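Here's the structure, in structure tokens; my notes come after.
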Amino acid sequence: MAHVMAASELVTATIKRPFQNDDDDSSNGNGNGNADGKPKARRREADPAAALAAARHEFGEHGGVNMSIEASATFTVMEPDTMRRLFAGELGPERGDLYIYSRHFNPTVLALGRQMAALEGTEAAYCTASGMSAISSVLMQLVGAGGHVVASRCLYGGTHALLSRFLPRASGVRATFVDADDEAAVRAAVRPGETRVVYVETMSNPTLAVADIPMLARVAHDAGAKLVVDNTFTPMVVSPARLGADVVVHSVSKFISGGADIIAGAICGPASLVNAMMDLQEGALMLLGPTMNAKVAFELSERLPHLPLRMQEHSRRAAEYASRMRRLGLRVAYPGLPDHPHHARLLAIANPGYGAGGMLCVDMGTEDRANRLMHHLQNTTRFGLMAVSLGYYETLMSCSGSSTSSEMPPEDRARAGISPGLVRMSVGYNGTLEQRWAQFERALSLMQQQQQQHPDRDAAAKYCKV
């Protein structure tokens with residue numbers, strides 16, 4: 001059973017682009033189409049929307065324009081010898097259109113994986129049951145017991161907890177958190193022969209710092225490590241694999257889903273990685289089993305085609321709100337503003353036409369002021385909803401220090417620049433822009449009136465003009 005399903009051959013066959021480009025050489029045997037062993041995204045359309053449109057379209061079983069949902073957990077064969085040949089790797093999804101078990105491969109989930117690979121410009125992709133399952137599986141596969149990770153000190157709280165607490169306890173993984181914007185600091189944190197992964201978010205959660213992906217890729221590769229990038233905040237906006245990242249992970253629950261009704265994740269990278277992660281003896285995906293449900297995969301496949309339009313509108317409104325908030329005297333962080341420290345960097349690495357993303361932050365100085373503003377925004381003027389997550393058609397807002405970053409110790413939050421009054425907003429597109437802006441202004445005015453009535457409560461807060 002050591003070579004069950006011959007995973008390395010099967011994944012290369014099933015996830016490869018159906019219409020190869022003339023310069024697409026994946027015959028060198030290293031599983032990533034590059035003779036020097038470095039990961040290489042196959043030549044595709046430069047625009048993610050064009051890449052999605054060029055990806056293979058799956059039709060339904062009876063000619064339907066939408067693909068069929070294969071909801072079976074297990075699959076039958078007509079002859080006993082076929083089972084043997086499946087387990088020997090002689091047959092498979094694209095060698096006879098045969099499957100064994102949906103924890104390994106499922107036709108519907110596999111089709112979504114092809115779409116995700118097209119979106120991110122990678123050779124392969126595998127879709128999982130959640131974003132955290134994608135992140136944890138990749139790290140466990142690449143780092144191994146006792147390995148070392150260099151990570152940005154500003155990360156989603158769950159990822160920070162995974163690296164700082166769970167993986168050290170479960171497998172002896174050690175993590176060094178650094179200012180990922182400081183190349184010297186990143187290089188100094190690397191441990192020769194021990195560092196396996198450099199881990200960052202394209203746009204940090206929640207401070208919205210923009211990672212210098214080309215620089216980080218150079219540092220990682222110089223050390224013989226892999227650069228893993230979480231692109232959850234910026235699908236369409238940035239394509240990390242095209243900038244040198246080895247692996248791109250997503251919480252598909254967010255912008256890609258867009259409906260706040262699905263929990264899902266994705267791993268996008270070279271076929272060699274997906275092959276290894278699907279190995280029946282040592283593969284993190286195969287053995288941990290974070291399998292995506294085929295019905296979920298179908299739902300997501302129907303939403304991906306309009307992701308470009310949604311991201312454009314998220315970005316357009318976030319940019320307009322950020323500009324208006326700044327004119328009101330609010331302390332706003334948004335990479336699309338010219339005075340953001342990473343504005344020029346984002347312009348240099350972003351895909352044209354998709355703006356600077358749908359996330360912005362308003363620093364209200366104190367948690368009390370942040371909470372009062374959010375109270376009025378939701379309960380008085382109906383501007384948005386107090387909720388974690390992002391990418392929904394309604395604006396979602398939360399005070400990061402006491403919610404999605406609360407897993408981080410206070411001193412780590414301070415080092416990461418997460419103030420107690422930082423309000424993270426995922427800007428939605430429901431309603432008209434002017435309608436929503438009027439609701440924001442009214443909520444801010446109400447909060448300011450309360451502040452004038454209780455000046456002592458706000459004496460320490462100097463982040464908002466009143």
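The values are calculated or read from the model by the stated rules, or taken from the named source; none is laboratory data. All of these numbers come straight from a predicted model, not from anything done at the bench. Positions of Cβ are backbone-derived with ideal geometry, glycine not excepted, and every protein chain shown enters the neighbour counts. Please note that ligands, DNA and RNA were not included when accessible areas were found on the heavy atoms of the full protein model with its side chains. Shrake-Rupley method; radii C 1.70, N 1.55, O 1.52, S 1.80 Å.
Each of Tyr393, Gly336, Gln435 was placed along the dipole of the range 308-455 (beta-carbon charges, centred on the mean Cα), and the one lying farthest toward the positive end is Gln435.
As a calculated quantity, the FRET efficiency between Glu45 and Lys295 at R0 = 30 Å, using C-beta atoms, amounts to about 0.55. Given their separation in residues at 0.36 nm each and the Cα-Cα distance between them, Arg327 and Ser445 gain 41.0 nm when the chain is fully extended.
For the range 43-145, the per residue solvent-accessible surface stands at 45 Å², with DNA, RNA and ligands left out and a 1.4 Å probe. Calculated FRET efficiency, Tyr393 to Glu282, Cβ-Cβ distance, R0 = 51 Å: about 0.75 to the nearest 0.05. Between His343 and Glu320, how high is the FRET efficiency from 1/(1 + (r/R0)^6) when r is the Cβ-Cβ distance and R₀ = 22 Å? Nearest 0.05. The pair His343/Glu320 has a calculated efficiency of 0.85. Restricting the range 212-303 to GluC sites (Glu not before Pro) that sit in a DSSP loop and have at most 14 other Cβ atoms within 10 Å of their own Cβ leaves Glu282. Applying both filters, DSSP loop and at most 11 other Cβ atoms within 10 Å, to the trypsin sites (Lys or Arg not before Pro) of the range 333-392 eliminates every site.
Dipole orientation for the range 66-302: of the candidates Leu155, Ser72, Gly193, Gly193 has the Cα lying most toward the positive pole (charges on Cβ; Lys, Arg +1; Asp, Glu -1). Label positions at Gln452 and His375, each projected 7 Å from the Cα along the C-beta direction, are separated by 1.9 nm.
About its Cα centre, the range 66-302 has a charge dipole of approximately 520 debye under the convention of +1 per Lys or Arg Cβ and -1 per Asp or Glu Cβ, with nothing else charged.
About the centre of its Cα atoms, the range 308-455 shows a dipole size close to 300 debye [charges on the beta carbon of Lys, Arg (+1) and Asp, Glu (-1) only; nearest 20 debye].
Surface exposure of the range 276-322, expressed per residue as accessible area with a 1.4 Å probe, stands at 41 Å².
Loop-located trypsin sites (Lys or Arg not before Pro) in the range 49-153 (DSSP state other than H, G, I, E, B) with a sparse environment of at most 11 neighbouring Cβ atoms within 10 Å: Arg56. Can you give the percent of C-alpha pairs in the range 308-455 whose distance is more than 26 Å? Summing the P(r) of the range 308-455 above 26 Å gives 24 percent of all pairs. The Cα-based radius of gyration of the range 100-206, divided by its Kirkwood radius, gives an Rg/Rh of 1.02. Taking 0.36 nm per residue of separation and subtracting the Cα-Cα distance, full extension of the segment from Glu302 to Asp261 would add 13.4 nm. About the centre of its Cα atoms, the range 199-255 shows a dipole size close to 120 debye [charges on the beta carbon of Lys, Arg (+1) and Asp, Glu (-1) only; nearest 20 debye].
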